[in-house]
Structure formats: structure tokens, C-alpha cells
Amino acid sequence: MARHSIILDCDPGQDDAIAILLALASPEEIEILGITAVAGNVPLGLTRVNVRKMLEVAGRTDVKVWAGCDRPLVRKLETAEYVHGETGLNGAVLPEPTMPLQDGHAVDAIIDLVMSRPARTVTICALGPLTNLAMAIRKEPHLTQRVKEIVLMGGAIELGNVTPAAEFNIYVDPHAADIVFRSGIPIIMFGLDVTHQVLVTRVRLERIGGIGTKVAEAARGLLDFFNRFDMERYDAPGAPLHDPCVIAYLIDPEIFQGKACPVEIELEGRSVGRTLVDWWNSDRHVPNATVMREVDAERFFMLLTERLARL
Ligand code: RIB
Ligand code: CA
């Protein structure tokens, strides 16, 4: 039996797509109860298609997909085609999906999947803006007593990537993030401080390309496109592979190190969307998240490459 039963909430995006493949390639560790799409990198109309494109390229049309919220709780939707391209999955030619979406809304699916299983047995992996999850918590407050943990990509201890202070997932929907970080559900946070240590260098990209399968070729194409924006912006040897950190943690948590910290979300002003991480707990508040800060990057990419070769 898999160690983790997960709901994967995401906004593909090339890095979300690689995270989906990593989860599919790891059945010993991960049972995917369902995937929910949210507006983020590109509008919902595309994220709900992109999830299914990745499932079909991996031959996993058995996995259920629901469409969720098409905009943040309060703010206007801001997307990131400048990073991901107009489809959200630029870099690979992937056929339009034929598998259907599930009936119903992702928010209700999250509630049903969690509430129909024993308490503290379902993990929510959040790879995009937290709108779906926040709506589910508001609609069914008992989720806070039933979800095992939330493992999310979002935020930063230090610099943001959309503004000097804010990371994209939190910036797009800070009000949703505030609900999630105040929920009391155990949170493992992968912010930019750790994801910017796992860069898709040319050598790592070619190792993936060298696998030689259809899926690996699609992954290489997606990552080659994904590299271009961040390599130029940060003058770096590769783009940070944000979202797969969440899945790699479930497979091999020892790849990462962090500590329990109080985290607050800035909801207004020039730093709106900032995760205020009290790393030294100077305010003596009760920690509400384990914030990751270190990673063995080579071990991460060895795991990713080995698992992608299974698909
Ligand atoms: O800031 C990076 C995060 O925003 C990643 O999850 C990326 O896919 C986008 O959603
Ligand atoms: Ca994402």
C-alpha cells in the first residue's frame, strides 16, 4: 500500500507537469486520489486541459481530474504566460486530451475525497495558487481536522519572483493563502529559497533527454522551454524546478531540510503576497509550517531521472 494518498492541486505549467509525471512514476510511495486544476500560470480553461494532456502522454487516463476555481478569491487573476508560453505547456507537442473531466467542481471533490476517508490519511499537494483549497476549507471547516498535511510549493523566506517580496502562487491569491496558513492543518512549505537550488542545468536536461522514451522526450522539451525565461532573468545555468520538490519530498524526505516556523501572509500594500517567515521565531508565535531551506540537488535530479525512466 502506498505511503501517501494524495490530492494534487495544480496549474500546469511545465514544472507542475513534471511533478505530475514524478507522482505517476512512484506508485510504491504515492496513490493519486485525484488531480484538481486551478487558474494560475495560465487560465483554468488551459490548466484543466494541461493536466489531462500529461495524463494521456503517460498513458494514465484512469486518474480522475476536476476543474476548480477560475479566479482568485478577491484579486484579479494574473497569469504567467511570459514564463510558460501561451498554452502553459510550450516546449512539447501534446495532443488535445480525449479523456473527460469529472463532473462537479474541484472544491467539492477535495471535500468528498478527504471526508470519505479516515481522518489524517489524505495529503494535499498544492502546486499553484491556493484558491481551490481555501474554498474547500471555507465550505467544509471539518477539513482542518481531517487532512493529514498540506505539502505546497509557494512563498519565500527571502526574495519573491513576481515582486521583490512575493512568490507567484501566493501573490496570485494571498487571501486563499491566508486561509490555508491559518487553518491549523500541518503545512510543509517549499519556497523559492529551496526551489532555486534545484536548477535544470544542461547536463541534467540531457540526462532526462537521454532516457529515450516518448514521455522523457516530452519532459525534455517542456523543460528546455521552461529554462529560457529564468536562465535569462537570473543569468543562471538552469531554471528552478519548483513543483517537483513537493513530490520528491513525499518519496524521499531526507533530500530536504527545514524547520518549523510561524508564517504570515501579507494581504495589502507593496509587499502583498509575501510569506513573512519568522525563521528565528523572534515573535515567539506557534509555528504553523515547516519551511524547507536546504536540498541535495544532485540526489533530487537522480531521483527524478530514475523515476521518469519508468514511464
Ligand atoms: O513561483 C513558482 C510557482 O508558480 C510554481 O508552482 C509555478 O508552476 C507557478 O505556479
Ligand atoms: Ca505551479
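Quick notes on this one:
- The C-beta contact set for the range 35-57 (first residue free of Cβ contacts under 8 Å to residues at least 60 places away in the same chain and within 15 Å of N90 (Cα to Cα), second residue assigned to a helix (DSSP H, G or I) and β-branched (V, I, T), distance under 6 angstrom, 6+ apart or interchain) comprises M54/I20.
- Members of the range 19-43 that are in a loop (DSSP other than H, G, I, E, B) and farther than 15 Å from K64 by Cα: A25, S26, P27, E28, E29, A39, G40, N41, V42, P43
- Out of L46, L33, sole residue that is within 16 Å of ligand 1 (Cβ to nearest atom), modelled with pLDDT of 95 or more and farther than 18 Å from E167 by Cβ: L46
- The residues listed here are A2, A25; of these, the one that is small (G, A, S), at pLDDT below 95 and away from ligand 1 (no atom under 11 Å from the Cβ) is A2.
- Checking each residue of the range 120-139 against the condition of being more than 16 Å from ligand 2 (Cβ to nearest atom), without any contact (Cβ under 8 Å) to a residue 40 or more places away in the chain and surrounded by fewer than 18 Cβ atoms within 10 Å (Cβ to Cβ) gives at least one match.
- Selection count where residues are within 16 Å of ligand 2 (Cβ to nearest atom) and either without any contact (Cβ under 8 Å) to a residue 60 or more places away in the chain or not acidic (D, E) (or both), scope the range 228-246: 8
- Some residue of the range 90-98 being at pLDDT 95 or above and within 14 Å of ligand 1 (Cβ to nearest atom): yes
This table checks each residue for (1) part of a loop (DSSP other than H, G, I, E, B); (2) within 16 Å of ligand 2 (Cβ to nearest atom); (3) surrounded by 18 or more Cβ atoms within 10 Å (Cβ to Cβ).
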site	(1), (2), (3)
A2	yes, no, no
D9	no, yes, yes
A17	no, yes, yes
G45	no, no, no
C69	yes, yes, yes
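- Test set (1) under 20 Å from I110 (Cα atoms); (2) among the aliphatic types (A, V, I, L, M); (3) within 17 Å of the chain's Cα centre (by Cα) - M54 fails condition number: (1)
- None of M153, M189 is in contact with a Phe, Trp or Tyr (Cβ under 6 Å, 6 or more places away or on another chain), at pLDDT 95 or above, more than 17 Å from I137 (Cα to Cα) and not basic (K, R) except M153.
- Test for R274: is it touching an Asp or Glu at 6+ places or on another chain (Cβ under 6 Å) and in contact (Cβ under 8 Å) with a residue 40 or more places away in the chain: yes
So that you can scan it fast, the table gives a plain yes or no per residue for (1) over 20 Å from D193 (Cβ atoms); (2) hydrophobic (A, V, I, L, M, F, W, C); (3) in contact with a helix residue (DSSP H, G or I) (Cβ under 7 Å, 6 or more places away or on another chain):
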residue: K139; (1), (2), (3): yes, no, yes
residue: T144; (1), (2), (3): yes, no, yes
residue: I150; (1), (2), (3): no, yes, yes
residue: G155; (1), (2), (3): no, no, yes
residue: E158; (1), (2), (3): no, no, yes
residue: N161; (1), (2), (3): no, no, yes
residue: F168; (1), (2), (3): no, yes, no
residue: V172; (1), (2), (3): no, yes, no
residue: I179; (1), (2), (3): yes, yes, yes
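- Only strands (runs of 3 or more DSSP E) whose full extent lies in the range 219-301 are considered here, and the ones with at least 3 residues that are buried (at least 20 other Cβ atoms within 10 Å of the Cβ) are 256-261, 289-295.
The values are calculated or read from the model by the stated rules, or taken from the named source; none is laboratory data. Just so we're clear, the structure is a prediction, and the values are computed from it rather than from any experiment. Note that each Cβ is placed from the backbone with ideal geometry, even for glycine, and that neighbours are counted across all protein chains shown.
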